[in-house]
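In what follows, a single structure is set out as structure tokens and then discussed.
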Number of protein chains: 2
Amino acid sequence: MSSGGFRARQISIVGLGLMGGSLALALRPYAEAVIGVDPNPFARAAAVERGIVDSATDNLRDGVHVSDVVILAAPVRAIIDLVEKRIGSYLRSNTLLIDIGSTKADICTAMGSLPIGIQAVGGHPMTGKETSGIEASDATLYQNRPFVLCPTRRTTPAARLRALALVEALGAVAIEMDAQRHDRVVAAISHLPYILSAALVATVAAEGRSDDAVWRLAAGGFRDMSRLAAQDLSMMGDILSTNTQAVATLLALFRMQLAMIEAMLIDRDQQKLTELLRPAREARLAWIKQLEGKR
Amino acid sequence: MSSGGFRARQISIVGLGLMGGSLALALRPYAEAVIGVDPNPFARAAAVERGIVDSATDNLRDGVHVSDVVILAAPVRAIIDLVEKRIGSYLRSNTLLIDIGSTKADICTAMGSLPIGIQAVGGHPMTGKETSGIEASDATLYQNRPFVLCPTRRTTPAARLRALALVEALGAVAIEMDAQRHDRVVAAISHLPYILSAALVATVAAEGRSDDAVWRLAAGGFRDMSRLAAQDLSMMGDILSTNTQAVATLLALFRMQLAMIEAMLIDRDQQKLTELLRPAREARLAWIKQLEGKR
């Protein structure tokens, strides 16, 4: 499929942050107009002044009701609220509705109860930046990055093809999977790592209360391992609370791995300990090699 | 104290890797000669050809017996072996002996049994690079980085001052503490993070055996959190096996923090969960701010 396959008359981006602004920039060449919807007047003004969108409104109905493509670029709970309570009655039949929330099962379930005729597909682009906000918008943010698409009860074959074309227009790599599978995968690679980072920082901070040398000596390794702990709490709260079961399962599996390492450590058998640690080292090296080969 | 305070007639660097080579480069202006000692002929040849040392030998006695400063830049177990079994009889009285091993209690205990007259101080510079080997040597590697100094039973007041002057000559920041305290601190900020990284990669690799999408979707967060898992196993085995008690204690404290987060997660109280996670976020942000303020 070529990206020439994606055309829209009017695209609405609901949520003018980094992700939404970057979507708007990347998709403008494919649409006659891009409309931003956001309750924040500063985000709206910045989006219009910078030419990221053609116009912006805080009125959801006005912003979406004549669009043929609507993208929900809001936090997970806001997306669920929009889908469950508000947006269904505003959309025309045959509108393509995609979200970009970080968990998919609850959102896709909610999409399944939208009025028949709405073409709804769950989405999760695996990209981001350290800086947030509409000012950091970047048309290349999605390029060459995975963009997961999850079917809903409102995903017709035509909806699926339009969503694939949209992802291709972004320059992203579409990966289709069901929402439960997606949520399990991101529990492993994203939500578990966040929790470990937060628990590590909490452990070091507790040490720091009796010996502040921990903060003076902490260096590159701790810097990497503590970065995720600083993520936005409201966003992470939404994510964890809409993926509780998968995250709890991964935590249990993680504890098993940790317990095996601890047993070998306490047993003071250095040979067995390093043999136990070897597969993790090799898996990481193989993944990085593959990742860098793709660039 | 000014770095003019550090002068040496002949400095021996035992171990010609990244750390030893960088020490040699940084200290050459302060010594009449710098001698490298390493069993590896390629490392010796590279060190001499690149002008990192004046000469190099694989004979420990030849390499150290006329030096007034000897630095052990080898893996932890190699340092312990050198100190316990070999180097004591080769050194002149009043030689300053420093090591740069990553754990300090076992090494400092071993140093305490060296012949009286040897001035022995434990050291641990908190620096490094992704690349290893003598070819990556960098005279600025130690600049503005913490360099822990730990007293031993063979640390006279004069030895302490010479060690402080050496650290200042490197451009590093001396931090003095006893070996037990050092080992507890690095268990928290370095060894626990390594184990968490390895256990995380092991968990994700186990998931990957049933669903390879984990590897295709893994992105920046997992990249940071998995980096330490790729560290050299022989080095990490030495470190963990010489710091078992502190690491086991920190693992137990970490599990408590993890269990609290897990309890709030499973309880599905998003408000309480984010409040529990808030102090870790704030501690990380405060530390990074302080770290970047120092630059």
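Can you tell me which residue within segment A:263-283, out of those that are facing another protein chain (nearest Cβ under 8 Å) and over 18 Å from B:Gln231 (Cα atoms), is surrounded by the most Cβ atoms within 10 Å (Cβ to Cβ)?
A:Ile266
Which pairs have Cβ atoms under 6 Å, sit 6 or more apart or on different chains, and link a residue in segment A:20-31 that is over 11 Å from A:Arg9 (Cα atoms) and open to solvent by 50 Å² or more (accessible area, probe 1.4 Å) to one that is of a type in the set (A, V, I, L, M, F, W, C) and in a helix (DSSP H, G or I)?
From segment A:20-31, no pairs qualify.
Does A:Ser137 meet the test of being closer than 12 Å to A:Gly20 by Cβ and either among the aromatic types (Phe, Trp, Tyr) or buried (at least 19 other Cβ atoms within 10 Å of the Cβ) (or both)?
On the way: closer than 12 Å to A:Gly20 by Cβ: yes; either among the aromatic types (Phe, Trp, Tyr) or buried (at least 19 other Cβ atoms within 10 Å of the Cβ) (or both): yes.
Here the answer is yes, as A:Ser137 does meet what is asked.
Under 28 Å from B:Pro146 (Cβ atoms) and either assigned by TED's automatic domain parsing to the domain that holds A:Glu275 or within 15 Å of the chain's Cα centre (by Cα) (or both): does that describe A:Ala218? Reasoning before the result, please.
On the way: under 28 Å from B:Pro146 (Cβ atoms): yes; either assigned by TED's automatic domain parsing to the domain that holds A:Glu275 or within 15 Å of the chain's Cα centre (by Cα) (or both): yes.
Answer is yes for this residue.
Hey, does segment B:140-150 have a residue that's more than 7 Å from chain A (Cβ to nearest Cβ) and assigned to a helix (DSSP H, G or I)?
No, every residue in segment B:140-150 fails to be more than 7 Å from chain A (Cβ to nearest Cβ) and assigned to a helix (DSSP H, G or I).
Mind checking which residues of segment A:83-107 are in contact with a strand residue (DSSP E or B) (Cβ under 7 Å, 6 or more places away or on another chain) and open to solvent by 10 Å² or more (accessible area, probe 1.4 Å)?
A:Leu91, A:Asn94, A:Ile100, A:Ser102
I need the full set of residues from segment A:210-260 which are more than 8 Å from chain B (Cβ to nearest Cβ), surrounded by fewer than 20 Cβ atoms within 10 Å (Cβ to Cβ) and of a type in the set (S, T, N, Q), in order please.
A:Ser210, A:Gln245, A:Thr249
Condition first: of a type in the set (S, T, N, Q) and open to solvent by 20 Å² or more (accessible area, probe 1.4 Å). Now tell me which residues in segment A:10-19 satisfy that.
Just the residues of segment A:10-19 that are of a type in the set (S, T, N, Q), to begin with: A:10, A:12.
Passing the criteria: only A:Gln10.
Does B:Leu161 fit the bill of being modelled with pLDDT of 95 or more and part of a helix (DSSP H, G or I)? It would help to see each step written out before you state the result.
Values: modelled with pLDDT of 95 or more: yes; part of a helix (DSSP H, G or I): yes.
Considered against the rule, which asks whether it is modelled with pLDDT of 95 or more and part of a helix (DSSP H, G or I), B:Leu161 comes out as yes.
Output the residues belonging to segment A:173-198 that are of a type in the set (A, V, I, L, M, F, W, C) and either out of contact with any Leu (no Cβ under 9 Å at 6 or more places or on another chain) or crowded, with 24+ Cβ neighbours inside 10 Å (or both).
Taking segment A:173-198 as the starting set, the residues that turn out to be of a type in the set (A, V, I, L, M, F, W, C) are A:173-175, A:177, A:179, A:185-189, A:192, A:195-196, A:198.
Of everything in segment A:173-198, those that are of a type in the set (A, V, I, L, M, F, W, C) and either out of contact with any Leu (no Cβ under 9 Å at 6 or more places or on another chain) or crowded, with 24+ Cβ neighbours inside 10 Å (or both) turn out to be A:Val173, A:Ala179, A:Val185, A:Val186, A:Ala187, A:Ala188, A:Ile189, A:Leu192, A:Ile195, A:Leu196, A:Ala198.
Kindly indicate which of A:Ala188, A:Ala136, A:Ala179 is of a type outside the set (Phe, Trp, Tyr) and more than 14 Å from chain B (Cβ to nearest Cβ). Write out each step before concluding.
On the way: A:Ala188 fails: more than 14 Å from chain B (Cβ to nearest Cβ); A:Ala179 fails: more than 14 Å from chain B (Cβ to nearest Cβ).
Every option except A:Ala136 fails the conditions.
So which pairs qualify, if the first residue must be in segment A:37-65 and assigned to a helix (DSSP H, G or I), the second must be surrounded by fewer than 22 Cβ atoms within 10 Å (Cβ to Cβ) and of a type in the set (Val, Ile, Thr), the Cβ gap must be under 6 Å, and the two must be at least 6 apart or on different chains?
Partner pairs satisfying both residue conditions: A:Gly63/A:Thr57.
The values are calculated or read from the model by the stated rules, or taken from the named source; none is laboratory data. This one's a predicted model, so the numbers in the text were calculated from it and none came from an experiment. Backbone-built Cβ (ideal geometry, glycine too); neighbour counts: all protein chains shown. SASA here: full protein model, heavy atoms, side chains in, ligands and nucleic acids out. Shrake-Rupley method; radii C 1.70, N 1.55, O 1.52, S 1.80 Å.
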